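The next block holds one structure in the form of structure tokens; read it before the comments.
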Amino acid sequence: MYILVFSRSSKNSKSLKLPPGPPSYPLIGSILQLCPTKLHQALSKLSKTYGPIMTVKIGTITTVVISSPILTKQALHKHDQALASRFVPDSVQALSHDKASLVFLPDSTKWKAFRKLCATKIFSPQQLHSSQALRQKKLKDLLDFVHENCQKGRVIDIGEIAFTTVLNSISNTLFSIDLASYSSGISQKFRNVITCILEEASKPNIADYYPILRRLDPQGARRRMKKYYKTLLDVFDCIVEERLKRGDSLKESDVLDSFIDILRSENSEFTRQDMLHLFLDLFTAGIDTTAATIEWVMAELLCNPDKLTIIRRELQQVLCKERELEDSDISKLNYLQAVVKETLRLHPTAPVLIHKSVAEVDICGFRVPIDAQVLVNLWTMGRDSSIWTDPNSFLPERFLDNEGGVRGEDFGFIPFGSGRRMCPGIVLANRVVHTMLASLLFHFDWKLADGSKAKDMDMTEKFGITLHKIKPLMAIPIKEQRMCN
Ligand code: HEM
């Protein structure tokens, strides 16, 4: 059916039409058919009726939803430039964040400068190598915490420990400091603020659908967002201030030091405010996605004990207790890599890519008008039976045969996006996800809390900018004596 829609339309390229879609009513558009907590699934269901490119009116906003690899390739490669901007929700305009945001700036000189800064000063192989020891220390803290709980037979909230570890791994990568600990409650405060920011940015807001109402902020979204942003910006400002007061002899030679050098240089294209807003973006875009990925992987493994056994055997063959785990070990852990990919296929932690058109484009014979919101539904493609065999089953083995590549050569599987807006943190995310999982699974066996059975596990997803498990994964670590290879 998809191919029929595709070929019929491309013949009429002179009179291009909007892609088909559900009925749209005055003022509300198709809003009644879209459940906000299951938006990825609602869009998936609609695309079964209207095809892999469809138009959904959300209030007054024309939204084009794409859910096939061929059309995704057209959108993110052929029309990369025209579609590389973002729809900016009213709430993120609080404290003018959208004017200095790597995530929300349109494809522009300033956005390119931010991307370059990230690529050269944060995520370059040299920089990540030099901060590796600090992240290793965070893994050791994590293992100490799990060990203590293991001895006391306590249940662990996997999402919570993943959040604290990722938060500290990223804060150490940038500033060489911890921002939280497992028992202080500060981690929970960070988690609450970041969750609130992500929820506020993705929650339906009448001011987004009827721009005439924007000035009034009728639901108070921008007001609340201002408070959340300020909380994080104040933390980063204190960190920068403290570093500025230090003498050069106490230099860390970390990301923050190199940023400060840039700020002090003449004709710097960045201001202190730019840097603070960049940190805000890196924390909000990087921590929740990475922690949720770790929780989903652990959930899938506890649901599939046979795969858990295979992965633990691989870890025992490749790693050694007497030596610290290094980022370079990841390349030897083929089954672990396949498990992470398979988890991201089933539960892409950024389930829908959110872009905006700055020019009218023709995608396979359909018109995508200027200023349309363009959504790429990764979740639908991950579960499409025309792309994947047995799509709803957890089968990491498919990736050992290279059924898809994470960098997006195959557009049916692009959990980090593709093209200009592709995730800049992919290298760090992969290091943190794999080393944390390897540590948890090499040193401990795991069982579900309360004697729950794998087959009874609730894997219901909650839609948001990040896809979460509705019920937190609670698990018990079990210590095992093992010989070094
Ligand atoms: C498993 C973890 C992660 C996943 C699945 C993920 C996925 C994504 C996706 C799908 C996008 C949007 C791509 C698009 O719109 O086409 C994105 C953008 C972004 N990610 Fe990640 N990400 C992860 C971790 C990280 C980390 C660790 C950081 C930084 C510390 C980060 C920073 C960003 C930023 C700043 C953007 C916006 C880039 C732009 O608009 O130019 N992400 N990520």
- Query: Among the lysines, which have Cα under 17 Å from the Cα of residue 138 when same-chain residues fewer than 8 positions away are ignored?
  - Reply: 321
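Going by average Cβ neighbours within 10 Å, how do the peptides 135-148, 382-395 rank, with the highest at the top?
On the way: 135-148: 17.4, 382-395: 15.1.
Ranked by mean Cβ neighbours within 10 Å, highest first: 135-148, 382-395.
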- Query: How much of the accessible area of the stretch 2-479, probe 1.4 Å, is carbon plus sulfur, in whole percent?
  - Reply: 55 percent
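Taking only protein heavy atoms into account and a 1.4 Å probe, give the accessible area per residue of the chain in Å².
Per residue, the chain has 45 Å² of solvent-accessible surface.
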- Task: Between residue 324 and residue 227, with labels modelled 7 Å along Cα→Cβ, what's the label distance in nm to one decimal, could you check?
- Result: 4.1 nm
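Assuming R0 = 25 Å, what is the FRET efficiency of residue 132 and residue 192, from their Cβ-Cβ distance, to the nearest 0.05? Walk me through the numbers on the way to the answer.
Details: r = 30 Å, r/R0 = 1.19.
Efficiency, from the Cβ-Cβ distance: 0.25.
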- In nm, the gap between the two label points placed 7 Å beyond Cα toward Cβ at residue 261 and residue 452 is 4.8 nm
- Note on the structure: Per the stretch 230-324, sqrt(5λ) over the Cα gyration tensor eigenvalues, sorted largest first, in Å, gives 41, 19, 11
- Note: probe point = Cα of residue 242 + 7 Å toward Cβ; backbone nitrogen < 18 Å; residues of the stretch 109-148 passing the test are 134-135, 138
- Quick one: what do you get for the stretch 2-479 if you divide its Cα Rg by 2.2 N^0.38 Å? 0.99
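Would you mind checking 57/110; 116/332; 17/57; 189/469; 189/226 for any pair whose Cα atoms are more than 22 angstrom apart? Working shown, then result.
On the way: 57/110 31 Å; 116/332 30 Å; 17/57 15 Å; 189/469 20 Å; 189/226 16 Å.
Distance filter (> 22 Å) returns 57/110; 116/332.
The values are calculated or read from the model by the stated rules, or taken from the named source; none is laboratory data. It should be emphasised that the depicted structure is a prediction, and the values quoted were computed from it without experimental measurement. Glycine also receives a Cβ, built like all others from the backbone with ideal geometry; neighbour counts cover every protein chain displayed. The protein model used for the area step is the full one, side chains on, heavy atoms only, and it has no ligands, DNA or RNA in it. Shrake-Rupley method; radii C 1.70, N 1.55, O 1.52, S 1.80 Å.
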